[in-house]
Amino acid sequence: MTGDGTRAVRAGLPEPVAHEPALPGPVFAAHFHLPGEATGPYTYGRDTNPTWTRLEAAIGELESPDEPAHTVAFASGMAAITAVLFSQLRTGDAVVLPGDGYQLLPAVGARLESYGIEVRTPRPSSGHRPSTGASHTPLDAALDSQLGILDGARLLWIETPSNPGLDVYDIRRLADAAHARGALVAVDNTLATPLGQRPLDLGADFSVASGTKALTGHGDVLLGYATTRDATLADDVRLWRKTVGAIPGPMESWLAHRSLATLALRVRQQAEGAMALATALAGRPEVTGLRHPGLPSDPSHALAVRQMRPGRFGCVVSFVLPDKAYAERFLAALTLVDDATSFGGVRSTAERRGRWGGDDVPEGFVRFSVGVEEPEDLVADALRALDAAKA
Ligand SMILES: *Cc1c(COP(=O)(O)O)cnc(C)c1O
């Protein structure tokens, strides 16, 4: 029994070698010495790189500590997501994509449709309005009454907790339903990170994530990965990476690996700050539709407690302010929080999500990503900014 934090510190490191560094530096190579036959672990830089090998071993250990798994690293989260979808789906197949997932998923769906793949999206349950609190019915319940959508499907895509709406889907139950119908299951694990949730242990075939967010945590790297326990699926995804060339840079891969050693510290601190912020916001009348899976009053809390790791409900808090101008005044009045997109970084960020136009959210919807600042400082800054926004 090794704790996650302990595992993360050494994940993917080579056996100690006298007078060598613990984590060898990035290997910058387009090609490798290759006498004779074109075989061996390292041949050409679009196929393999030792810096990727170490990072992939590390992520595999975190996503699947108890069973061997294969991880394939990519240039970005989108590169990983599209690798799974495009390597598995063929003309005539059907795929189930969520309606409340990452904002680029509809564009991916449209592309899949243009190749003759049927894209199905579950309808939100009646009464469901994104992030509006009291009237909220978890989409999971809606999907429950629509499991027929999986009939004949080749793959089910789940994003949980979803971004930016923070709905939680029951991975185990949906994976069982999908597998009973012969469909593969992929889970976008970006928000939770492998320390917050382990989709493969809950029955998923793929755990896929953007490493750009909380995994690397410093807002200076774009990266993605897909992890699976199935060697054939891993080969498919690896061949896709080589074919389209969506490879991570050695420098990014090394920075990502270096960041994993502090993942447990960051996840813990950010989750604590997010809980403190959500708890403080819950007492404010101008805040509606407050969502954070760790809040006992959250519609997804009971499910989050069952499938996520204790106390690691992520760093994102979302809520709605009365209107666009109100939200903009709030964001401008924050002093410790950057108005910026993305999430999961060590420095807190917040943004009015409606400015991108891709998410189905009210104009006053704010996605707040809690960094590693002291929770009491962040709470004070947010409450002061709310007061300033009233004017
Ligand atoms: C950011 C994000 C992605 C895309 O990742 P990139 O690294 O920006 O390509 C995919 N899924 C979720 C949930 C995300 O937050």
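The values are calculated or read from the model by the stated rules, or taken from the named source; none is laboratory data. The structure displayed is predicted, hence computed values, not measured ones. Counting neighbours? That spans all protein chains shown, and the Cβs are built from the backbone with ideal geometry, glycine included. Remember, those area values only see protein heavy atoms, side chains included, never the ligands or the DNA or RNA. Shrake-Rupley method; radii C 1.70, N 1.55, O 1.52, S 1.80 Å.
Is the C-alpha gyration tensor of the chain telling us rounded, prolate or oblate? Criteria: a/c under 1.5 is rounded; beyond that, a/b larger than b/c is prolate, otherwise oblate.
On the way: a/c = 1.89, a/b = 1.31, b/c = 1.44.
Oblate.
Semi-axes of the equivalent ellipsoid of region 267-389: what are they in whole Å, largest first, if each equals the square root of 5 times a C-alpha gyration tensor eigenvalue?
Working: eigenvalues 89, 52, 37 Å².
Output for region 267-389: semi-axes of 21, 16, 14 Å.
Mind putting a number on the dipole of the chain about its Cα centre? Charges go on the C-beta only, +1 for Lys and Arg and -1 for Asp and Glu, and I need it in Debye to the nearest 20. Before the final figure, lay out the partial values.
On the way: 36 positive and 46 negative charges, 50 e Å.
I would put it at about 240 debye.
Carbon and sulfur atoms: what percent of the 1.4 Å accessible area of the chain do they account for? The partial results should precede the final answer.
Values: 9000 of 16180 Å².
The computed percentage sits at 56.
For the chain, what is the calculated [θ] at 222 nm in deg cm²/dmol (nearest 500), taking -39500 (n - 2.57) for each run of four or more DSSP H residues and dividing by its residue count? Numbers along the way, then the final one.
Working: 12 runs with 136 residues, N = 391.
Taking each H run of at least 4 residues, the total per residue is -10500 deg cm²/dmol.
Using Cα-Cα distances under 8 Å and only pairs 6 or more residues apart, what relative contact order does region 145-192 have, in percent? Mind dumping the intermediate values first?
Working: 64 pairs, mean separation 23.2, N = 48.
About 48 percent, as a whole number.
If you plug each phi of region 87-101 into the Karplus form 6.51 cos²θ - 1.76 cosθ + 1.60 with θ = phi - 60°, what whole-Hz ³J(HN,Hα) values come out, in order, with x for Gly and Pro?
7, 9, 9, 10, 3, x, 6, 10, 10, 9, 10, x, x, 10, x
So with the 1.4 Å probe, I'd like the accessible area per residue for the chain, rounded to whole Å². Don't skip to the end; give the middle numbers.
On the way: 16180 Å² over 391 residues.
About 41 Å² of surface per residue is accessible.
Where in the chain is the longest stretch that carries no trypsin sites (Lys or Arg not before Pro) classed as loop by DSSP and with at most 16 other Cβ atoms within 10 Å? Walk me through the numbers on the way to the answer.
Numbers: sites that count: Arg46, Arg90, Arg181, Arg347.
Between exposed loop sites, the widest span is 182-346.
For region 159-306, build the convex hull from the C-alpha positions and give me its volume per residue in Å³. Show your work: numbers first, answer last.
Details: hull volume 19.6 nm³, N = 148.
Dividing the Cα hull volume of region 159-306 by its residue count gives 133 Å³.
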